[in-house]
Amino acid sequence: MRRLWLLLLLFVLAAAAHAQNKASWTPNPAGLRLATSAYLEEISEALYGRSSPLSFREALLIARIGAAASARQYAADFEAGEQVVNDKYRGRRVMLSGVIRKHHQDASGKLSLSLAAQSGAAEVVARLEEDEALDMGRFKPGQRVALVCQSGLKTGMRTTAQQCVLLSRHLEALRPRFSADIEAFVAGRKAWPRKTGEGVAFFYALGSSLKPGAPCLQFPSTQCPDLEAALRDDPVLAADLRRRLTELQAGLRFSPP
C-alpha cells in the first residue's frame, strides 16, 4: 500500500510539474511566424487549386469564405434567378475568380474591376474596397485575379460584387487569428488535424532553430530553397531541429480523422 501511495504521489508531482511548464510556456516568435506563414501558404495553395494537404473545401472553411465561383458561373447564377443567388451567395463571402477586362471608376466614384463573364458583352463588375483601389496600377487587362467579395446585384448585362479585396489580402488579414490558433496547438491546448498539424509543428521547430536573419525567416514564402543544404552542411542545426521537434511532438494533440 505504501508503494502504491508513493507511485501516486510521484504521478501527481509529475503532472503538476508538466502543468506548470505548460502554464509558463511562451512561444518562440520566429517559430510562430514561420509556422503561420507555412499555414497561410497551405491555405492559399489549396484555394488556387495547387498541391496542398488541405482540400479546396477545407481551405474555404478555414479562410471564412462561404462560396466560390468563376466570374462566368457567378453571372450565370444571377441570370438563373433570385432563389439560386440566395441559396449560394446571400450573406456570404464569395471567392470570385476571373480575367480582368478593364478597371474603371463608376458614377458613384467607386473603383471597380470588370471581369469577363463570357465571350459576349456580359461582365461581372467587382467593386473594390478603398485600400485595394489605392493601388489600381497593379491590375492589368488580361490578368487573372482571385477576389473575396460580398454578393451584389444584376443590372442589364452587368452583375456586381461588392467590398472586394484580393484573396491574398483577405488571408493576410486572418494571420493574427491563425497565429493564435497555432500558438494554442503547439502549447498542447488545442487539437488539430494531423495532416496539417505535423507540418505546422515542423515549421515552428524550424523557425525556433534558425538563426536570426536566416533566409527562411526573411521571405514570406516558406519554400526556403537553402534549407536542404543548410541541414546537410550544419549538423548542429539539424540536431537542434530534431531535438526541438521531438520535444514539441510529445505535447501535441491531434483531432480524430
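The values are calculated or read from the model by the stated rules, or taken from the named source; none is laboratory data. Please read these numbers as outputs of a predicted model, since none were measured by experiment. Heads up, the Cβs are rebuilt from the backbone with ideal geometry, glycines too, and the neighbour counts pull from every protein chain shown. Accessible surface areas use protein heavy atoms only, side chains included; no ligands, DNA or RNA. Shrake-Rupley method; radii C 1.70, N 1.55, O 1.52, S 1.80 Å.
So the values come out like this:
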{"item": "First in region 27-48 and more than 22 Å from GLY213 (Cβ to Cβ), second anywhere and outside any helix (DSSP H, G or I) and among the small types (Gly, Ala, Ser), Cβ under 6 Å, 6 or more apart", "result": "GLU42/SER52; ILE43/ALA63; GLU45/SER52; ALA46/SER52"}
{"item": "Selection status of ASP135, among the acidic types (Asp, Glu), surrounded by fewer than 19 Cβ atoms within 10 Å (Cβ to Cβ) and modelled with pLDDT under 85", "result": "yes"}
{"item": "Matching helices (runs of 4 or more DSSP H) fully within region 166-222 where at least 1 residues are in contact (Cβ under 8 Å) with a residue 12 or more places away in the chain, open to solvent by 20 Å² or more (accessible area, probe 1.4 Å) and over 22 Å from LEU61 (Cβ atoms)", "result": "194-209, 215-218"}
{"item": "Residue match in region 175-184 (condition: among the β-branched types (Val, Ile, Thr) and in contact with a Ser or Thr (Cβ under 7 Å, 6 or more places away or on another chain))", "result": "yes"}
{"item": "Yes/no for SER168 being within 17 Å of LEU96 (Cα to Cα), among the hydroxyl-bearing types (Ser, Thr, Tyr) and out of contact with any strand residue (DSSP E or B) (no Cβ under 7 Å at 6 or more places or on another chain)", "result": "yes"}
{"item": "Only listed residue being open to solvent by 20 Å² or more (accessible area, probe 1.4 Å), out of contact with any Lys or Arg (no Cβ under 6 Å at 6 or more places or on another chain), at pLDDT 90 or above and not acidic (Asp, Glu), chosen from ARG90, ARG64", "result": "ARG64"}
{"item": "Verdict on ARG158 being among the charged types (D, E, K, R), closer than 30 Å to GLY197 by Cβ and open to solvent by 60 Å² or more (accessible area, probe 1.4 Å)", "result": "no"}
